[in-house]
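What follows is one structure encoded as structure tokens, with my remarks underneath.
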Amino acid sequence: VKRDEPLEPIEFDITKRALVIGGGIAGITSAVDIANAGYEVILVEKKHSIGGKMLQLSETFPTLDCAQCTLTPKTVEAGRHPKIKLMVYSEVEEVKGYIGNFDVKIRKKASYVDWSKCTGCGLCQEKCPTKTASEFDRELGERKAIYTLSPQAVPNKPIIDKESCRFFREGKCKVCEKVCPVHAINYEMKDEIVEEKVGAIIVATGYDILETDKIPEYGYGMYPDVIDGIQFERLNSASGPTGGEIRRPSDGKVPKEVVFIKCVGSRDPEKGIPYCSRICCMYLGKHARLYKHKVPDGQAYLFYMDIRSFGKGYEEFIQQSMEEANLLYIRGRVARIFQEGDKLVVWGVDTLSGKKVEIKADMVVLGTAVMPSEGAKDLAKILRTSTDEYGFFSEAHIKLKPVESMTGGIYLAGCAQSPKDIPDTVAQAGAASAKVLSLFGKDKMVQEPLIACVDSDLCSGCGLCVSACPFDARQLDSEEKISLVNEALCQGCGACVSVCPNKACSLRNSMPKTYVSMVERYL
């Protein structure tokens with residue numbers, strides 16, 4: 001003990017502002033929870049409206065409640081909250097620092113509309129002569145070159161799509177500028193870098209769905225009447241391209257026989273997605289029931305591997321679907337889909353009877369796998385945290401720390417961490433915000449002093465410790481050419497000690513001579 005040096009806890013201040021990345025239901029829930037506790041929140045969303053995937057839904061399972069009736073009050077609350085700084089059409093570009101003190105750079109993309117002037121009257125969209133496929137409607141409908149994301153968009157402000165705008169492509173038109181009553185159009189607008197300082201970050205980047213061109217045997221993209229689940233949601237939505245009527249994309253006719261296929265890509269190691277997407281069994285069951293509501297004389301077939309109805313009221317929902325809605329469930333995989341006249345021939349197998357199945361359907365709906373959101377791995381590098389083998393953000397411990405990332409001060413919510421339904425997403429978002437509030441409840445952050453240290457006389461500045469540190473706590477002093485330790489980030493793991501060729505790195509009060517003395521004492 002006499003060889004040890006006295007240790008004092010390391011203290012540093014906490015910036016009591018939070019950054020939430022992602023404006024879906026998870027991000028909105030976390031942001032509102034933190035803001036309601038009195039702390040400022042910066043809510044960053046890469047699209048030009050908050051709401052996420054839920055904004056595209058018509059109803060939600062198992063109650064078949066209107067999705068927008070549930071979501072809109074939350075988006076409006078987030079948009080109007082005095083403690084929430086809404087940054088839509090923006091992306092995080094750089095994050096430096098550590099728990100309690102992060103320096104963040106956010107790129108605010110040019111919308112070519114001055115939102116401080118825009119009243120959201122919609123006249124520019126009405127008069128714009130250019131139409132293109134709507135990404136929000138999954139290309140089943142059209143939008144203008146200047147557009148808002150949806151009728152329920154928050155904020156209700158348009159952007160100009162440079163790729164389709166005639167002015168940016170051909171140097172002529174400017175109709176939107178001519179008709180705007182408040183002169184909000186600005187073709188010279190540039191991207192803007194905004195710098196913010198925050199104490200905690202919540203990652204709520206949501207999910208994307210598997211691109212079904214990876215499963216060519218189902219004919220998605222080849223046959224217009226083979227659609228995915230989000231496209232069916234848009235067909236069923238009152239704000240969708242058909243006004244809520246279920247009609248075939250190819251000819252606008254009402255489909256009388258529809259096949260719903262579950263586990264398209266999920267639980268399929270050959271496609272690289274061995275995990276269960278968790279929501280497909282329920283949302284395709286919901287789709288089939290909604291189809292029967294709109295087309296009572298229609299027949300719905302559902303191909304499945306196993307029915308995984310694990311949530312509250314979920315099993316009852318599936319049973320009601322089978323008994324009351326007269327849905328026909330077929331246990332088995334679909335092998336192939338091909339066009340025959342105006343019908344889609346579905347070849348499959350019923351594994352319970354062992355018989356082959358052939359159905360001549362009017363439309364096919366694919367329950368595609370849930371994937372990490374586009375750009376998740378790039379964001380993980382910016383945040384200096386890790387992802388799992390599939391690209392979802394890794395939790396610190398799957399059971400004990402499910403909302404904490406591998407980096408202190410960065411928390412996870414919703415499908416950024418793994419596939420989950422809306423109730424689980426909201427629950428995890430609440431847990432993440434509770435972790436942030438627990439951090440902000442402290443006056444100072446206290447760090448254990450048993451961390452790494454460097455003998456500057458022995459350090460050669462080789463940098464091996466910098467690359468070995470899993471917590472990004474090491475850096476090289478460009479002037480002195482020696483390694484430095486960020487005391488706030490160092491966890492005392494000893495990785496740097498093991499790689500240092502000059503024995504310049506050590507852990508405080510864990511010197512070799514200390515252990516030698518201990519061994520000698522007991523020999």
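Here are a few things to note about the model shown:
- Principal axis dimensions, segment 210-370 - Cα atoms, whole angstrom, descending: 35, 35, 30
- Of the GluC sites (Glu not before Pro) found in segment 269-331, those that fall in a DSSP loop while having at most 16 other beta-carbon atoms within 10 Å are E324.
- Each of F232, F167 was scored by other Cβ atoms within 10 Å of its Cβ. Arranged with the fewest first, they read F167, F232.
- Likely footprinting exposure, V497, V258, fewest C-beta neighbours within 10 Å first: V497, V258
- For segment 210-370, DSSP calls about 45 percent of its internal beta bridges antiparallel.
- Label-point gap, in nm, between V499 and T72 - each point 7 angstrom along Cα→Cβ: 5.5
- Mean Cα-pair separation over length for segment 450-522, i.e. relative contact order, pairs under 8 Å, 6 or more apart, %: 39
- On the basis of the beta-carbon distance and an R0 of 22 Å, D65 and E315 show a calculated FRET efficiency of 0.75.
- Extension gain from E480 to T514, taking 0.36 nm per residue of separation minus the Cα-Cα distance: 9.3 nm
- The chain: relative contact order in percent, alpha carbon pairs under 8 Å with at least 6 residues between: 16
- FRET efficiency estimate (nearest 0.05) - Cβ-Cβ, E211 to A335, R0 25 angstrom: 0.75
- Virtual paramagnetic centre 7 Å along Cα→Cβ of E142, amide N under 15 Å, in segment 106-122: none
- Taking other Cβ atoms within 10 Å as a rough exposure proxy, H287, H81 sort from fewest to most as H81, H287.
- Each Cα pair under 8 Å and six or more residues apart adds its separation to the average, and for segment 162-231 the resulting relative contact order is 10 percent.
- The distance between label points at H397 and Q125 comes to 4.8 nm (points 7 Å beyond Cα on the Cα→Cβ vector).
- Taking the DSSP beta bridges with both ends in the chain, the antiparallel portion is around 60 percent.
- Entries in K83/K420; K127/K174; K16/K435 that, when Cα-Cα distance is taken, lie over 19 Å: K83/K420
Bear in mind that the values in this text are calculations on the coordinates, not laboratory data. Please read these numbers as outputs of a predicted model, since none were measured by experiment. Here the Cβ is made from the backbone with ideal geometry for all residues, glycine too, and neighbour counts use every protein chain on show.
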